[in-house]
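A.B. asks: Handing you a structure now.
Computed from the coordinates by the stated procedures, all read-outs in this text should not be read as laboratory data. The structure displayed is predicted, hence computed values, not measured ones. As a convention, Cβ positions derive from the backbone with ideal geometry for all residues, glycine included, and neighbour counts pool all protein chains shown.
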Amino acid sequence: MRVAKALFHDIDVLYHVYDLAIHPCDDCQVCHSTLHCKFDDDMRMVLSRLQDCEHLVMVSPIYFGALSDQLLKLINRFQMLFETKFTHQKAIMSIPRITLVCTCGANDETMFVGAQRTLDILKTLFQAREVTMLGLKNTDTIEDILSAYKEDIEQYKKSVNPH
Ligand SMILES: Cc1cc2nc3c(=O)[nH]c(=O)nc-3n(C[C@H](O)[C@H](O)[C@H](O)COP(=O)(O)O)c2cc1C
């Protein structure tokens, strides 16, 4: 959350995914034959907000080489959008820009491989023009991640907010 706030001062809506009540996708396949998901939970609010989202920013620690389970649970619920788009051939929202920021304890770039793959899939789903993966590693030994990555963070901020 600190990393997200340091990167983006102009965030309109900030969800802490651990505060959201989101049921995991259980592959019930209701969305294979309808345009709906059977769960009535906070995912409806998230999906409605994504309708006019210009820039989706997700921030997650790496757990066992993957995104946090709570963020992944939210992303898995996008399966309904996949069915809408590819099975039912109906339009879904486009998100022009997606950024994924991940932190990991190890000093090991390969920890971000799974997250990068997830981002690739989201790029296809939402037809994003611009996707950025920011991997901040070595957090087990770095005292303060924001000062350790100050230059990377400044460079990234300039790239997304050139003025
Ligand atoms: C359940 C769990 C699993 C973790 N798995 C990994 C891992 O596979 N690779 C790694 O480099 N760090 C791993 N870590 C360390 C976290 O990535 C690290 O603590 C994180 O960058 C800290 O971010 P935060 O301060 O935002 O929670 C793990 C930590 C926890 C709690």
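A.B. asks: Give me the dipole magnitude in Debye, nearest 20, for the chain about the Cα centre, with unit charges on the beta carbon: positive for Lys and Arg, negative for Asp and Glu. Please report the intermediate quantities before stating the final value.
C.D. replies: On the way: 17 positive and 22 negative charges, 99 e Å.
So the magnitude is around 480 debye.
A.B. asks: What's the tally of Lys pairs in the chain whose alpha-carbon atoms lie under 19 angstrom apart, where the two lysines are 8 or more places apart or on different chains?
C.D. replies: Lysine pair count for the chain: 13.
A.B. asks: Compute the distance from the alpha-carbon center of the stretch 52-76 to that of the stretch 96-163, in whole Å.
C.D. replies: Centre-to-centre distance over Cα atoms comes out at 12 Å.
A.B. asks: Sticking with this structure for a sec: Once the mean 1/r over all distinct Cα pairs of the stretch 21-97 is inverted, what Kirkwood radius in angstroms do you read off?
C.D. replies: Numbers: mean 1/r = 0.0740 Å⁻¹.
It is 13.5 Å.
A.B. asks: If you don't mind, another one. Relative contact order for the chain using alpha-carbon pairs under 8 Å, separation at least 6, rounded to a whole percent?
C.D. replies: On the way: 200 pairs, mean separation 36.6, N = 163.
Worked out over the chain, it gives 22 percent.
A.B. asks: Kirkwood Rh, the stretch 2-158, all Cα pairs: how many Å? Spell out each step's value before the answer.
C.D. replies: On the way: mean 1/r = 0.0600 Å⁻¹.
The Cα-based Kirkwood calculation yields 16.7 Å.
A.B. asks: Lys/Arg Cβ at +1, Asp/Glu Cβ at -1, dipole of the chain taken about the Cα centre: which of 31, 3, 89 is farthest positive-ward?
C.D. replies: The Cα lying farthest towards the positive end belongs to 89.
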